[in-house]
Amino acid sequence: LFQVGRYQVVSGDAAGGVATLDQVIALDPNNAPAWYFKGVGLSETGNPTGADEAFREAIAIDPTYARAFVGLGELYERFEAVAAARAVYEAGLTTNPGQPDLRNALGVQQLRAGEHAAAIDSFLEVLSRDRGRVDALFNLAFAFTESGEPRKGVRYLDAFLREADPAQAEARRVAKALRDALQTDIRN
């Protein structure tokens, strides 16, 4: 039943998924993944308060379930509650140290706050734990660029372009444009 509800949520039937996940929760109220996917479904159906409650319930049940922290933080980001999102990512890292999704999300928050060195450290940690994270390569390139190290920015943009899925056309276009602009600036 859980897999059906999860599938409904991720395949676009969020309302149906929430209803199915409510059945799962009635049978097992301590099922953190069911609460998490219910939060995702509620968020997608325009119920941020319900989503907040569901993500928080998943965290209370299993603080090592990092996806719930990421979901809650992303919900806050969507409503531009940046400080609250950052606090969620930091709290998540206390029970899930080094978890790549949480660390990457915190790195983005650090980058937005102008904390370039901290952001670079976060993205490098993500890559040390998961070399396949092309989003961290992209973010690291921007962090180095904004910190005044364009050569390192170009190096990570090149790595992103080598590793990124061709289907990520828009991200690849932005990376190429930034790389070309940085290379022009470096030469001049």
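The values are calculated or read from the model by the stated rules, or taken from the named source; none is laboratory data. Quick caveat, the model's predicted, so the values are computed rather than measured. Quick reminder, even Gly has a Cβ in these numbers, built from the backbone with ideal geometry, and neighbours come from all protein chains shown. Accessible surface areas use protein heavy atoms only, side chains included; no ligands, DNA or RNA. Shrake-Rupley method; radii C 1.70, N 1.55, O 1.52, S 1.80 Å.
Only one of these is on the phi < 0 side of the Ramachandran plot and crowded, with 17+ Cβ neighbours inside 10 Å: Asp158, Asp135. Name it.
Answer to the selection: Asp135.
Among the residues of the stretch 65-99, write down those that are open to solvent by 40 Å² or more (accessible area, probe 1.4 Å) and either among the polar types (S, T, N, Q) or within 11 Å of the chain's Cα centre (by Cα) (or both).
Arg67, Glu74, Glu77, Thr94, Thr95, Gln99
Which condition breaks for Glu80 when tested against (1) under 25 Å from Glu44 (Cα atoms); (2) in a helix (DSSP H, G or I)?
(2)
Being at pLDDT 95 or above, in a helix (DSSP H, G or I) and hydrophobic (A, V, I, L, M, F, W, C) narrows it down to one of Ala119, Ala175, Ala171, so name that one.
The match here is Ala119.
Do you know which of the residues in the stretch 178-188 that are free of Cβ contacts under 8 Å to residues at least 12 places away in the same chain and in a helix (DSSP H, G or I) is most open to solvent (accessible area, probe 1.4 Å)?
Going through the qualifying residues, I end up with Arg187.
Based on what the data block shows, is Gly148 more than 30 Å from Ser43 (Cα to Cα), open to solvent by 20 Å² or more (accessible area, probe 1.4 Å) and outside any helix (DSSP H, G or I)?
So Gly148 fits the description; yes.
Can you find a residue in the stretch 110-127 that is under 30 Å from Trp35 (Cα atoms), open to solvent by 30 Å² or more (accessible area, probe 1.4 Å) and β-branched (Val, Ile, Thr)?
Scanning the stretch 110-127 turns up no residue that is under 30 Å from Trp35 (Cα atoms), open to solvent by 30 Å² or more (accessible area, probe 1.4 Å) and β-branched (Val, Ile, Thr).
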